[in-house]
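To start, the structure itself, in structure tokens.
The values are calculated or read from the model by the stated rules, or taken from the named source; none is laboratory data. What you see is a predicted model, and the numbers here were worked out from it, not measured in a lab. Glycine gets a Cβ as well: all are built from the backbone with ideal geometry, and neighbour counts include every protein chain shown. The area values use the complete protein model at the heavy-atom level, side chains included, leaving out ligands, DNA and RNA. Shrake-Rupley method; radii C 1.70, N 1.55, O 1.52, S 1.80 Å.
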Amino acid sequence: MGLLKKLTKPLSKFLDKVVPNEIKPALPYLSAFAPFMMGPGTAGAGGFWNSMRGRALLMGGANLGSQLAQEGSEGEFDKLSLAMASGIGALSAPGASEYLGSKMALQPSPAPGAPDLTMFQKAKNLGLEGAIKGADFISKSQATLDNPGFNLATLEAGAIPITQGTGDLARITAEQALRDFENQEGESGMPGGYTDDGRRMAIRSAMEAAGHIEEEILDALASLGLRQGGIVGLKHGGRIG
């Protein structure tokens, strides 16, 4: 990601300066909720930014910006989070469900001797069926959040963006704690004096202080390659070393 980082690092420094620190923790939630708050809309209306491609770029950009604006960011970002945001953005476009349905392979005729679908066609249909269900859910959620209330429907509509925002914030908190720990390691004049166990403890302490639950802490450690070993490993049946 060397060339890409040359582009994202200056942008990260700019966003870090102009975005107030007080609202940075809210950015992952704001970017996750964005596609759900745009309303169901009408297929073909609104031009490029209401198309699947336009929504993917718009929501992917919002996610990338929320990552790069975080304190201490050096232009690095989580590609999986960016891909998820772009995918959800595409599915949030008006008419996404109908468009995906038009791409489904023709079902085989019930007539005797009619050829069955190929393995590739079946796999394609399975993936499109999942995407259509996702698009239908997002469209329903958009309509619900367009007029929210204190009810189960509103809670269900907010489940995906809340989960995504919480996961992104947990990962960001863990990365910040790891950077702080490594900076302390460098300033101590004792390179190699700290172990992965120390890094896990530093991340865990920072995340617990920020109010993250155990599952979020474990997921964040896993994303940083620190899930196994030490306290975490022993808790889940592993062994030190």
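Structure summary
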quantity	calculated
Condition check for Ser97: closer than 30 Å to Asp180 by Cβ, modelled with pLDDT under 95 and in a helix (DSSP H, G or I)	no
Cβ-Cβ under 7 Å pairs, at least 6 apart or on other chains, region 202-221 side in contact (Cβ under 8 Å) with a residue 12 or more places away in the chain, far side of a type in the set (Phe, Trp, Tyr) and in a helix (DSSP H, G or I)	Ala202/Phe181
Residue in region 78-92 that is touching a Lys or Arg at 6+ places or on another chain (Cβ under 9 Å), at pLDDT 90 or above, of a type in the set (A, V, I, L, M) and more than 27 Å from His212 (Cβ to Cβ) present	yes
Region 115-132: number of residues that are open to solvent by less than 40 Å² (accessible area, probe 1.4 Å) and either more than 34 Å from the chain's Cα centre (by Cα) or modelled with pLDDT under 85 (or both)	1
Out of Pro148, Pro161, sole residue that is within 26 Å of Pro25 (Cβ to Cβ) and in a helix (DSSP H, G or I)	Pro161
The listed residue being under 30 Å from Ser223 (Cβ atoms), at pLDDT below 95, assigned to a loop (DSSP other than H, G, I, E, B) and open to solvent by less than 30 Å² (accessible area, probe 1.4 Å), out of Gly75, Gly54, Gly39	Gly75
Residues satisfying the stated conditions in region 156-186, i.e. farther than 15 Å from Ala34 by Cα, surrounded by fewer than 13 Cβ atoms within 10 Å (Cβ to Cβ) and of a type in the set (A, V, I, L, M, F, W, C)	none
